[in-house]
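Inspection log for the structure reproduced underneath, given as structure tokens.
The values are calculated or read from the model by the stated rules, or taken from the named source; none is laboratory data. Computed from a predicted structure; not experimentally measured. Cβ: placed from backbone, ideal geometry, glycine included. Neighbour counts: every protein chain shown.
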Amino acid sequence: MKELKTIVVCGSEDIFSSSIECILTAEENWRVITVSIREGWKVLNHKLATLCPDIVIIPEDPFNKITDSVLYLLQNYPVFKVIVINLENNMMDVYSKQNTLLEGISGLIQEIED
């Protein structure tokens, strides 16, 4: 049996979040929760801390740089995978954070080569 995955879809109660939630809930062992981003990042931050999702999906906002939001999520929740979907061109960016203990220069060189 697969482990239950929790996926949070951040949206504005629009077609984006509704469509993504509808598609993903069909998958077995996935708990999909839609969270409004209209309430602001402070409320979203609290909900994410409570839900502890495996994956957070957010729409790319053409009027707002999403980079700060993604960096904030990765810094504060390093276990999340963050997926940013661009509705204009159907591209998605997938971000995750990896912490590695640096054990000398050879570790740095190995990370660069990988």
Flagged pairs (Cβ under 7 angstrom, 6 or more apart or on separate chains; first in region 3-26, touching a residue at least 24 places away in the same chain (Cβ under 8 Å) and more than 14 Å from Val84 (Cα to Cα); second β-branched (Val, Ile, Thr) and not in a strand (DSSP E or B)) are Ser12/Ile37
Scanning region 58-106 residue by residue, those small (Gly, Ala, Ser) and either at pLDDT below 80 or surrounded by 12 or more Cβ atoms within 10 Å (Cβ to Cβ) (or both) turn out to be Ser69, Ser96
Worksheet item: Is region 46-63 home to any residue that is out of contact with any strand residue (DSSP E or B) (no Cβ under 6 Å at 6 or more places or on another chain), aliphatic (A, V, I, L, M) and part of a loop (DSSP other than H, G, I, E, B)?
Response: no
